[in-house]
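Below is one structure, written out as structure tokens; comments come after it.
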Amino acid sequence: MAAAVIHRPMAALNPNAKEFIPLAKYVSSEHQTIINDLQLSLLAAEFPKFAVKSMAEVLYANDGDLMLTRHMLKEEEAIPWLQTGDAVASLYADMRNEAEDHALARDAYFEQARQANDVGNKVLAHQLIAKGSWHKEQMKDAHTKAAEAIFQQRNPPASRQRHPTLLDLHVNEAILIVKRELAALKTKYSKSKRKQIFLCVGTGHHSRTGHARLPSAIARYLLEEEHLYFTEARPGMLRIIL
């Protein structure tokens, strides 16, 4: 049941300044018909480490249900920060070794095929292309196996159901896994109260290119393909309300 509308300027308690602050920059006019300043003040006092905007988004997604929102924020507090950095990147790079070996062999055969074709040896060129194509398929298969191994290692059974981790995955791999995991979670929670799922996508700081391709790709997939409401709970972590 939606909370009653409060027809006055919205505000929330700033736990640092110990005073009320206006929420116009955090809450849209649409949100203000569902949530009110008292609810946000209570949440801000209880969860001082959370951004007001983040709490307002969860409260709005829960149709102003304060108890459910408190429960979700407590769940989020319990999520540990994931280990990242060079050591972890090196560990998961090892899982890609087989795929990288096939990639090198593919490139070598294709280059040899080009050279054979340039000198008019069509038969040899076709043979080399066939070998390169075989290594290309083996490379794809090795990447798929590596992605699943990485996902399983990053997501032990105790955590996998509520906050799947997609770090160290390529974009296409991550999207396929998100599609699979969300389908399972939707079935599991279809007859229960609203649940929240956290997708750990990272910020791109440790990517080879330095660009956060995975977070933006997953966000686009959630919006355009799954049509799901989500927010950024913390840098590198997306919150989905099911």
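The values are calculated or read from the model by the stated rules, or taken from the named source; none is laboratory data. This is a predicted model, so every value here is computed, not measured. Counting neighbours? That spans all protein chains shown, and the Cβs are built from the backbone with ideal geometry, glycine included. These area figures cover heavy atoms from the full protein model, side chains too; ligands, DNA and RNA do not enter into them. Shrake-Rupley method; radii C 1.70, N 1.55, O 1.52, S 1.80 Å.
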Item to complete: Return the total of residues in segment 60-99 being at pLDDT below 85, out of contact with any Asp or Glu (no Cβ under 8 Å at 6 or more places or on another chain), assigned to a helix (DSSP H, G or I) and of a type in the set (A, V, I, L, M).
Response: 4
Worksheet item: Would a scan of segment 100-115 turn up a residue that is open to solvent by 70 Å² or more (accessible area, probe 1.4 Å), charged (D, E, K, R) and either in contact with an Asp or Glu (Cβ under 6 Å, 6 or more places away or on another chain) or within 19 Å of Thr144 (Cβ to Cβ) (or both)?
Response: yes
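Output yes when any residue across segment 161-181 is assigned to a helix (DSSP H, G or I), farther than 30 Å from Met72 by Cα and either in contact with a helix residue (DSSP H, G or I) (Cβ under 9 Å, 6 or more places away or on another chain) or open to solvent by 30 Å² or more (accessible area, probe 1.4 Å) (or both), and no when none is.
Let us first name the residues in segment 161-181 that are assigned to a helix (DSSP H, G or I), namely 171-181.
Checking which are farther than 30 Å from Met72 by Cα leaves us with none.
No: segment 161-181 contains no residue that is assigned to a helix (DSSP H, G or I), farther than 30 Å from Met72 by Cα and either in contact with a helix residue (DSSP H, G or I) (Cβ under 9 Å, 6 or more places away or on another chain) or open to solvent by 30 Å² or more (accessible area, probe 1.4 Å) (or both).
Scanning for something touching a His at 6+ places or on another chain (Cβ under 8 Å) and modelled with pLDDT under 90, does segment 101-112 turn up at least one residue? Please lay out each step first, then the result.
If we filter segment 101-112 for residues that are touching a His at 6+ places or on another chain (Cβ under 8 Å), which is where we start, we get 102-103, 105-106, 109.
Filter once more, so that each one left must be modelled with pLDDT under 90: none.
No, that holds for no residue.
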Fill in: Of all residues making up segment 218-242, the number that are crowded, with 18+ Cβ neighbours inside 10 Å, among the aliphatic types (A, V, I, L, M) and either touching a Cys at 6+ places or on another chain (Cβ under 6 Å) or at pLDDT 85 or above (or both)
5
